[in-house]
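A quick write-up on the structure given underneath.
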Amino acid sequence: MRIEYDIKLGFKDVMIRPKRSTLKSRSEVSLEREFKFLHSPLSWNGIPIMAANMDTVGTFDMAKALSEKKIFTAIHKHYSVTDWNVFASQLPENIENYIAVSTGISKQDSEKLASIFKFNSNLKFICIDVANGYSEHFAHFVKKTRTLYPDKVIIAGNVVTGEMVEELLLSGADIVKVGIGPGSVCTTRVKTGVGYPQLSAIIECADAAHGLGGQIISDGGCTIPGDIAKAFGAGADFVMLGGMLAGHTESGGEIIEKNGKPYRKFYGMSSSTAMEKHVGGVAEYRASEGKTVEVPYRGDVENTVQDILGGLRSTCTYVGAQRLKELTKRTTFIRVNEQENRVYNE
Ligand code: 5GP
């Protein structure tokens, strides 16, 4: 046994220090980024925020709404090949730049992936997603997928430490997804004691990825627009959101009425709700590692997106970053013991 005594930080442990700025208005800030990839010859341009590949967030409807704003959706893996074919036949222009096909790492998963790409070869992004990205089998799957799809952009995760980011990039991933345990409907830290505070995970993993020419996605733990700004400030290339995009018209999830008010069901992909829905129950050898909650219905996602992007633009003006790309360079975090004033919060 060993202990690391360095304190690891989450979003709530820091704030961003304001800096002198020449920007006159938030409208001068550009949130779009352009990326080239470590392995894939493709390039990407857009606002690097992603809807999570959960079936109550990353839906086809969400992708249609977000792609109009050049925002990305990792489509959840439970659509059938037929669902994909129908969706792809009515693809709005350019949407393939803003969606990823998600997959697990079983034989059936890779067969399904092959079928989806067979009929829809214009799709560009693959998101290989497992809760625990530390297994050797996972890195082998990434390697195999890279051989099969040399031109596609491969996202792989989740991990939280630099050495595993490097291993996945060297195995063929272009982008590594970072986060174990910070999610709003995640109970991994409760059930297993395993995890890593998200801000430190981003800082350490971004450093490892950028050293090799790869990118990272900060996945999970953002609860307010300020957290997204902190994730970008810490070095995330992309920020993935689950809970912040749940509960909308486009989110999917059963609609429930309570005391005359509409709610939508939102649950973790390892919750018993998800396992019962998709694989017929929680297997005997494992525990559910996700919650099921009901979130108040929040209308169309467009309004939430505007709130998020407005917040981010404002962060950039506070530190003098004319482009989102400059935010990390212009970020100094200060350690804090307080966040917002909650005197008028319920
Ligand atoms: P959020 O933005 O809601 O805080 O986090 C979203 C992320 O939580 C997802 O992208 C995924 O990585 C993670 N997640 C989703 N479902 C589960 C689950 O059932 N268990 C765990 N441990 N993590 C989950």
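The values are calculated or read from the model by the stated rules, or taken from the named source; none is laboratory data. From a predicted model like this one, the values you see are computed outputs, not experimental measurements. Here the Cβ positions follow ideal geometry from the backbone for every residue, glycine too, while neighbour counts run over all protein chains shown. When the accessible area is computed, the model is the full protein with side chains, heavy atoms only, and any ligands, DNA or RNA have been set aside. Shrake-Rupley method; radii C 1.70, N 1.55, O 1.52, S 1.80 Å.
Points worth noting:
- If only residues of region 234-247 that are of a type outside the set (A, V, I, L, M, F, W, C) and crowded, with 24+ Cβ neighbours inside 10 Å are counted, the one that is nearest to the ligand (Cβ to nearest atom) is 242.
- Filter pass, residue 15 being modelled with pLDDT of 95 or more, closer than 15 Å to residue 225 by Cα and either part of a strand (DSSP E or B) or out of contact with any helix residue (DSSP H, G or I) (no Cβ under 6 Å at 6 or more places or on another chain) (or both): yes
- Residue within region 48-56 that is away from the ligand (no atom under 16 Å from the Cβ), open to solvent by less than 40 Å² (accessible area, probe 1.4 Å) and either of a type outside the set (Asp, Glu) or modelled with pLDDT under 95 (or both) present: no
- If you go through region 256-300 and keep only what is farther than 25 Å from residue 190 by Cβ and either buried (at least 16 other Cβ atoms within 10 Å of the Cβ) or of a type in the set (D, E, K, R) (or both), you end up with 257, 258, 261, 297, 298, 300.
- For the criterion of being closer than 27 Å to residue 65 by Cα, among the charged types (D, E, K, R) and at pLDDT below 95, residue 276 fails.
- Residue pairs whose Cβ atoms lie under 8 Å apart, separated by 6 or more positions or on different chains, with the first residue in region 17-39 and farther than 25 Å from residue 165 by Cβ and the second open to solvent by less than 80 Å² (accessible area, probe 1.4 Å) and in a strand (DSSP E or B), are 17/333; 17/334.
- Region 1-30 - residue that is among the aliphatic types (A, V, I, L, M) and open to solvent by 70 Å² or more (accessible area, probe 1.4 Å) and, of those, nearest to the chain's Cα centre (by Cα): 7
- Considering region 159-185, the residues that are part of a loop (DSSP other than H, G, I, E, B) and over 23 Å from residue 223 (Cβ atoms) include one that is most open to solvent (accessible area, probe 1.4 Å), namely 161.
- Cβ-Cβ under 7 Å pairs, at least 6 apart or on other chains, region 207-227 side open to solvent by less than 30 Å² (accessible area, probe 1.4 Å) and among the charged types (D, E, K, R), far side more than 10 Å from the ligand (Cβ to nearest atom) and modelled with pLDDT of 95 or more: 227/11
- Residue match in region 84-96 (condition: within 16 Å of residue 250 (Cα to Cα) and within 16 Å of the ligand (Cβ to nearest atom)): no
- Residue check, residue 253 part of a loop (DSSP other than H, G, I, E, B), more than 29 Å from residue 331 (Cβ to Cβ) and open to solvent by less than 60 Å² (accessible area, probe 1.4 Å): yes
- Selection from region 261-276 of residues that are within 12 Å of the ligand (Cβ to nearest atom) and in contact (Cβ under 8 Å) with a residue 60 or more places away in the chain: 266, 267, 268, 269, 270, 271, 274
- Selection of region 63-99 for residues being in contact with a Pro (Cβ under 8 Å, 6 or more places away or on another chain) and in a helix (DSSP H, G or I) yields 64, 67.
- Within region 186-225, being among the small types (Gly, Ala, Ser) and either in a strand (DSSP E or B) or away from the ligand (no atom under 14 Å from the Cβ) (or both) holds for 200, 206, 208, 209, 211, 213, 214, 218.
- Within the option set 243, 290, 253, 281, being more than 19 Å from the chain's Cα centre (by Cα) and farther than 30 Å from residue 22 by Cβ holds for one residue only, 281.
- Members of region 313-334 found to be open to solvent by 70 Å² or more (accessible area, probe 1.4 Å) and either modelled with pLDDT under 95 or in a helix (DSSP H, G or I) (or both), listed by number: 313, 318, 325
- Among the numbered conditions (1) in a helix (DSSP H, G or I); (2) open to solvent by 10 Å² or more (accessible area, probe 1.4 Å), the only one that residue 39 does not meet is (1).
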